[in-house]
Every structure is written in C-alpha cells, then in structure tokens.
C-alpha cells in the first residue's frame, strides 16, 4: 500500500502533516504554560496588594471609631450621642490624671490652711473640675478629628490598593486574550496548511485514477476497433 500510495501521490506532504501535528502539540503546551505563568504572577501580585490593603485596616478602624465619637461630641447624634462622648472624654486617662493631680494639689493647699472641710474648698474643687473639663475638651476634640483624618488617609490607601487590583485583573485579562489570539492564529495556520496538503493528496489520487481510467478506455477502444485508432 505504501508503494501504491507513493505511486498515486497520496504521500505528498506526509512529513509536513507530521510536523503540523507536532506543532499543534507545542501550541497546546504553550497555551497551558502561558496561562499558568499569567495566573501565578497575577496571584502573587494580588496577594501583595491585598496584604498592603490589610495593613491600612487598623488606621481605618481607629478613624471610624474616632469619627463616630467626634460626631457624638458635636451633637450630630442627639443627646444620647452627646452623653456617650462626654462619658468617653471623662474616662480618658489624660483627663483623669490631670484631674487627680489638680485635686490633690488643691486639697493639700486647703489642708495646709486648715480649710479642708470648708465650703470654699468644695467650691474650688468644683470650679477646678469645670475649668479642667473646658480646657481639655477642646484638645480632645482636636485629637479625635486628627485620628479620624488618619482613618480617612488609610481608607484612601486602601482605595488605591483596590484600584491596583482592578488594573492587575484588567492586565491579566488582556494577557490572556493576547495569548489566546496567538494560539488561535497558530491553530488556524496549522488547519489551513493541513487542509491544503490533504486537498493536494486528494487531487493526486483523482488524477492518478483518472489517468488509469483514460488509459483503460484507450486500450478498450483499440481492442474493439481492431487497433484502427
């Protein structure tokens, strides 16, 4: 059959077909390896960006808490919110320490003057507490505002990170489309070349058999006419 195939011209392009089949295997391997590389790079980059986003979270959480207390202190959340802010201010370690030091100093002075139990001492302590509250409250609000601002900066950093993720995924999509375009182009070329070779083989077969039929008809005609033609 091999000799006959060669005689008919059916073996034309046989080696080319083998090469095209091998090339298709290489293209399939390229597709798999290319997607693996893209996925690995994208995964590692996404992990790094997500880690950076998570690093901002403590500042975001602290900023949100400070903003809520700041809004309470401004009266934006009504009387209940204002009470929460006042309570938070009064239990703060800075305020408590300042109050304790001031009260102790006032009591020592009153004790030295023999006026520890007098009404004047109680009035002085009350006035001192009120003055201290007024003095510290404004600074406390400023610190709350500053902390909420840090939270806003942290949120901005996270937003930038999410933007980076979006860009990363968009780039990954573009890389995958480019890879698939290359694979598709290579596969189409292989299919076209394969079709051309097989068409040529079919044409060779047709020509061979057509020639045989023509010769056969010629011999039959000669035999029928006694070799006159």
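The values are calculated or read from the model by the stated rules, or taken from the named source; none is laboratory data. Owing to the predicted nature of the structure, the values given are computational and were not obtained by experimental measurement. With ideal geometry, Cβ positions are generated from the backbone for all residues, glycine too; neighbour counts draw on all protein chains shown.
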### Query
What are the residues in region 126-155 that are surrounded by fewer than 12 Cβ atoms within 10 Å (Cβ to Cβ), modelled with pLDDT of 80 or more and more than 12 Å from residue 66 (Cβ to Cβ), if any?
138, 139
### Query
Within region 181-189, is there a residue that is on the phi < 0 side of the Ramachandran plot, modelled with pLDDT under 90 and surrounded by 14 or more Cβ atoms within 10 Å (Cβ to Cβ)?
no
#### Entry: Filter result for the condition that a residue is farther than 23 Å from residue 30 by Cβ, at pLDDT 95 or above and assigned to a helix (DSSP H, G or I), over 167, 199
167
### Query
Taking region 12-38 as the region of interest, how many residues are in contact (Cβ under 8 Å) with a residue 60 or more places away in the chain and more than 30 Å from residue 201 (Cβ to Cβ)?
3
### Counted residues, region 72-82 - those being assigned to a helix (DSSP H, G or I), surrounded by fewer than 17 Cβ atoms within 10 Å (Cβ to Cβ) and in contact with a helix residue (DSSP H, G or I) (Cβ under 8 Å, 6 or more places away or on another chain)
1
